[in-house]
Amino acid sequence: MSARSFLFVPGDRADMLAGARTRGADAIIADLEDAVAPAQKGVARETVSAWLRGLEAPGLEAWVRINPVPAESDLAIADPARITGLMVPKVRAAEELLELSGSLDRIETAAGVAAGTIRLLPIVETPQALRALDSIAGVSRVCQLMIGELDLGAELGVDPADADAFVPLRMEVVVASAAAGIEPPLGPVSPNYRNLDDFAADTRRLARMGFGSRPAIHPAQVPIINEAFTPSPEAVERAQRLVARYEAAHAAGKGAITDEDGQMVDEAVVRVARRLLRTARRGGLVP
């Protein structure tokens, strides 16, 4: 299952990368793009490559955000034995991801690993990507999408601070992810890491809207994200009882039951409970 929380770390900061695994995030994104000045791109590649070679953290997802038109040197650090996948910014069309997949095929063949080992996580931050969501989400390596509201807002002339304005676009990404059968998407980053109350409220809103994860740009945001995307023990217990009750009834030939409160329960309701339990397993609440 995918991570609840991702932490962006500048690729040219060896000190931050070294400490990133202690910050509580399920996944680390070593950033070669926006967080790195153009003059430091080469340094960042070398720093990230060294960090990946020394990475020993079972269960930690290690991602690399490459540049929009990745140089061969960006892909040279895509060691399938070390990374979970590549986060791809400024995507405009599925064809870009298919071309990138071809390069990754060659890398995986040379490494002797199965094709598709390196996953792709495109960032939806261009109008063109919004128009091509279904085809982008349908690329075989794509496991998840992210909405990038800062760049998307700049392209559309929409204030990224106005969360209400982005609700329809957020839902487009959620729907496309569900239709493609991939993981629920990542929400947007928030550059305001000091106002944690507003950040928490928006993160809980994203969870209610069908998002499954969110990236942090500061470690202080990580525990808030983990909490928002981890169901409460009470909710987990209730979902377990509901699923067990429904499965017992189904085995007895019944198609619908009533829950503890006397409300009707059918397969649609149980799917929600099963999804909650999958999220709970991701957070370690149930085996």
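The values are calculated or read from the model by the stated rules, or taken from the named source; none is laboratory data. Everything quoted here is computed from the prediction, not taken from an experiment. Methodologically, a virtual Cβ is constructed for each residue, glycine included, from the backbone with ideal geometry; neighbour enumeration extends over all protein chains shown. SASA here: full protein model, heavy atoms, side chains in, ligands and nucleic acids out. Shrake-Rupley method; radii C 1.70, N 1.55, O 1.52, S 1.80 Å.
A few notes on this one:
- Search result, residues across the stretch 19-34 that are in a loop (DSSP other than H, G, I, E, B), touching a residue at least 40 places away in the same chain (Cβ under 8 Å) and closer than 13 Å to Ser5 by Cβ: Arg23, Gly24, Ala25, Asp26
- Residues satisfying the stated conditions in the stretch 143-159, i.e. closer than 13 Å to Ala179 by Cα and open to solvent by 10 Å² or more (accessible area, probe 1.4 Å): Cys143
- For the stretch 84-97, the criterion of being more than 18 Å from the chain's Cα centre (by Cα) and loosely packed, with under 14 Cβ neighbours inside 10 Å is satisfied by at least one residue.
- Within the stretch 235-244, the set of residues being surrounded by 15 or more Cβ atoms within 10 Å (Cβ to Cβ) and of a type outside the set (D, E, K, R) comprises Ala235, Val236, Ala239, Gln240, Leu242, Val243.
- Taking the criterion of being in a loop (DSSP other than H, G, I, E, B), β-branched (Val, Ile, Thr) and touching a residue at least 40 places away in the same chain (Cβ under 8 Å), the residues of the stretch 104-141 that qualify are Ile118, Val139.
- Yes/no for Glu95 being among the charged types (D, E, K, R), assigned to a helix (DSSP H, G or I) and out of contact with any Pro (no Cβ under 6 Å at 6 or more places or on another chain): yes
- The set of residues from the stretch 1-18 being open to solvent by less than 30 Å² (accessible area, probe 1.4 Å), among the aliphatic types (A, V, I, L, M) and either closer than 15 Å to Val43 by Cβ or part of a loop (DSSP other than H, G, I, E, B) (or both) comprises Ala3, Val9, Leu17.
- The residues in the stretch 68-79 that are buried (at least 19 other Cβ atoms within 10 Å of the Cβ) and in a loop (DSSP other than H, G, I, E, B) can be counted, and the count is 3.
- Among residues of the stretch 257-287, those that are in contact with a helix residue (DSSP H, G or I) (Cβ under 8 Å, 6 or more places away or on another chain), open to solvent by less than 60 Å² (accessible area, probe 1.4 Å) and farther than 20 Å from Arg208 by Cβ, counted: 4
- Screening Arg92 on (1) in contact with a Ser or Thr (Cβ under 6 Å, 6 or more places away or on another chain); (2) modelled with pLDDT under 95 shows it passes everything except condition (2).
- Pick from the stretch 29-42, criterion within 16 Å of Val64 (Cβ to Cβ) and open to solvent by 60 Å² or more (accessible area, probe 1.4 Å), ranking: modelled with the highest pLDDT: Gln40
- Odd one out for Asp26 among (1) of a type in the set (Asp, Glu); (2) over 20 Å from Pro223 (Cβ atoms); (3) buried (at least 21 other Cβ atoms within 10 Å of the Cβ): (2)
- The condition (being under 16 Å from the mean Cα position of the chain (by Cα) and either open to solvent by 10 Å² or more (accessible area, probe 1.4 Å) or β-branched (Val, Ile, Thr) (or both)) is satisfied by just one residue among Ser177, Ser190, Ser232, Ser213: Ser190.
- Residues that are within 19 Å of Ala161 (Cβ to Cβ), basic (Lys, Arg) and surrounded by 19 or more Cβ atoms within 10 Å (Cβ to Cβ) do not occur anywhere in the stretch 197-207.
- In the stretch 245-256, the residues that are surrounded by fewer than 11 Cβ atoms within 10 Å (Cβ to Cβ) and either modelled with pLDDT of 80 or more or part of a helix (DSSP H, G or I) (or both): Ala251, Ala252, Gly253
- Filter result for Asn192 (polar (S, T, N, Q) and assigned to a loop (DSSP other than H, G, I, E, B)): yes
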